[in-house]
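These notes are about the structure you will find just below.
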Amino acid sequence: MNNLSRALQFLFGMRETVNRSSYLKWGFGLMLLKLVLEVVLYWAATAQLVSPLQFLSPFVSQRYPNLQTLPDWYIPTVVLTSLPFVWIGAGMSIRRSADAGLSPWFGIGFFVPGLNYILFLLLSFCRSSARQAWAVESRSPATMNFRASLAFVLGLAALGTLLTWLSTNHLTSYGSSLFFASPLVLGLLQSYFLGWKTARTWRQISFSVVLTIALIHLLLLVFALEGIICLAMSLPLSVAMALIGAAFGTAIANFSSPKKTGPVMLVLLLPGLSIVEKHWTPPVQDSVVSTVEVAALPEQVWPHVVKFSDLPPANEWLFKLGVAHPLRARIEGQGVGAVRRCEFSTGAFIEPITVWEAPHHLAFDVRYQPQPLREVSFYDHVDAPHLNGYFRSVRGEFRLTQTPDGLTRLEGQTWYEMEMHPGWYWQLYGRWFIHQIHLRVLNHIKNLTEAELSIRH
């Protein structure tokens, strides 16, 4: 038990130095364990194997092929099981950098996909430095007063708002550099300078970091750069990444005395990361399937699939907050080549029919789509860049299958593309939104069909 306790303290703690042999041994061992874990999870989801080349790819679409066919539980499970490996890898890389005589800020590169492999190889070859570079630093008790602390929070909040505006409005990038790297770096920066030469509790540091992230979101709302819905969706990830950054920044302040230029350089690199990510990261491609059962035959359901009357007012809180929802559907013509017009609360989808196999299969492309939501804000209109083209419906279909007990299984499927990263995070929202839209349409078709049959009988 003592050996296990020491091993866990070495892996998850930040106090002990990491030499080259320990870094190599644990690094390769954990990488092999992570590969086995991903093979098992992917096999459970698809009955297929993950190759080592897939495992090493920094792109999610290459690492997990056929992402749109994976079950909903897969991505959250992979993310949760990956967190301990990311924590250990980053913590050991920071300490190994210090042991090798490099700045511990060098180890932060572990968070960058693809770069983490290069960093691992580099740190595995570096010999330990003769000087003691990772030890408890003597610091004075906390002396920063309230005004100084508040000024620090306000300054970093202004910096975070500026970085967000630069990324979204000028670099046109809603990527991991914005939602993942920026809060991580701000947490590192804030915790390091709060704890640099001054002893502070984790409670003080975490409160300051969370306050800074919350203030950034408030400023984005006040300056009409974003609306409440998208800010609410990004807040959990931003807070989590900022706190992770704060944990490592606090450790660097506690156990080393690097130059102040390290965290500043990280901030300056963020715009470059946005540019690289925008040109190198492919869009997320995914699909969502929803089903209901209708007490009718497929030929009785089909007319209401092709076009349907006005839906009842949307009472779901999601749609009341501004997420686009369907109102009615009309169609011009019949068969392949006809054009379906599905009217949403934000405008109309124009959908040319590509498959017309009555009464079992209706498929269509999306030629035009309106904005996916109306942002809730202090202002009448917020035109955030992500509302235009960052979330695109590509095509959709309805399938009607008669069940053995005489019912119709009505299935709706939507294929979409998304240029917001990290994809696994935004897919959680995207899949849920589309599923709720599907259910609103499918249940309306179900109710129309069953009501019509009840009148006939």
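Quick one: in region 216-248, which of the residues that are modelled with pLDDT of 95 or more and β-branched (Val, Ile, Thr) is nearest to the chain's Cα centre (by Cα)?
If we take residues in region 216-248 being modelled with pLDDT of 95 or more and β-branched (Val, Ile, Thr), then Val239 is nearest to the chain's Cα centre (by Cα).
Which condition number in (1) over 30 Å from Leu166 (Cα atoms); (2) in the same structural domain as Ser345 (by TED's automatic domain parsing) is the one that Ser256 fails?
(2)
Conditions tested, residue by residue: (1) closer than 24 Å to Phe255 by Cβ; (2) modelled with pLDDT of 90 or more; (3) surrounded by fewer than 16 Cβ atoms within 10 Å (Cβ to Cβ); (4) of a type in the set (Ser, Thr, Tyr).
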{"residue": "Leu4", "(1), (2), (3), (4)": "yes, no, yes, no"}
{"residue": "Gln9", "(1), (2), (3), (4)": "yes, yes, yes, no"}
{"residue": "Phe12", "(1), (2), (3), (4)": "yes, yes, yes, no"}
{"residue": "Thr17", "(1), (2), (3), (4)": "yes, yes, no, yes"}
{"residue": "Ser22", "(1), (2), (3), (4)": "yes, yes, no, yes"}
{"residue": "Trp26", "(1), (2), (3), (4)": "yes, yes, no, no"}
{"residue": "Lys34", "(1), (2), (3), (4)": "no, yes, no, no"}
{"residue": "Leu41", "(1), (2), (3), (4)": "no, yes, no, no"}
{"residue": "Ala47", "(1), (2), (3), (4)": "no, no, yes, no"}
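Could you check, for region 419-439, whether at least one of its residues is more than 30 Å from Glu277 (Cβ to Cβ), in a helix (DSSP H, G or I) and either in contact with a strand residue (DSSP E or B) (Cβ under 8 Å, 6 or more places away or on another chain) or among the basic types (Lys, Arg) (or both)?
Narrowing region 419-439 to residues more than 30 Å from Glu277 (Cβ to Cβ): 438-439.
Imposing the further condition that a residue be in a helix (DSSP H, G or I) reduces the set to 438-439.
Those left that are additionally either in contact with a strand residue (DSSP E or B) (Cβ under 8 Å, 6 or more places away or on another chain) or among the basic types (Lys, Arg) (or both): 438-439.
Yes: region 419-439 contains one or more residues that are more than 30 Å from Glu277 (Cβ to Cβ), in a helix (DSSP H, G or I) and either in contact with a strand residue (DSSP E or B) (Cβ under 8 Å, 6 or more places away or on another chain) or among the basic types (Lys, Arg) (or both).
Of the residues Phe349, Phe398, which single one is under 29 Å from Ala295 (Cα atoms) and touching a Ser or Thr at 6+ places or on another chain (Cβ under 9 Å)?
When all the criteria are applied, what remains is Phe349.
Could you tell me whether region 404-411 includes any residue that is of a type in the set (Ser, Thr, Tyr), at negative phi and in contact with a Leu (Cβ under 9 Å, 6 or more places away or on another chain)?
Within region 404-411, one or more residues are of a type in the set (Ser, Thr, Tyr), at negative phi and in contact with a Leu (Cβ under 9 Å, 6 or more places away or on another chain).
Out of the residues in region 6-60 meeting the condition of being small (Gly, Ala, Ser) and under 28 Å from Glu417 (Cα atoms), tell me which one is nearest to the chain's Cα centre (by Cα).
Among residues in region 6-60 that are small (Gly, Ala, Ser) and under 28 Å from Glu417 (Cα atoms), the one nearest to the chain's Cα centre (by Cα) is Ser57.
The conditions are (1) in a helix (DSSP H, G or I); (2) under 30 Å from Thr17 (Cα atoms), and Ser257 fails exactly one of them. Which is it?
Every condition holds for Ser257 apart from (1).
Checking the structure you have, find out if any residue of region 63-84 is in a helix (DSSP H, G or I), farther than 23 Å from Thr414 by Cβ, out of contact with any Ser or Thr (no Cβ under 7 Å at 6 or more places or on another chain) and among the charged types (D, E, K, R).
No; the residues of region 63-84 include none that is in a helix (DSSP H, G or I), farther than 23 Å from Thr414 by Cβ, out of contact with any Ser or Thr (no Cβ under 7 Å at 6 or more places or on another chain) and among the charged types (D, E, K, R).
Residue by residue through region 418-432, note down the ones that are of a type in the set (A, V, I, L, M, F, W, C) and surrounded by 21 or more Cβ atoms within 10 Å (Cβ to Cβ).
Across region 418-432, the qualifying residues are Met420, Trp426.
The values are calculated or read from the model by the stated rules, or taken from the named source; none is laboratory data. Because the structure is a prediction, the values reported are computed rather than measured. Please note: Cβ atoms are built from the backbone with ideal geometry, for glycine as well, and neighbour counts cover all protein chains shown.
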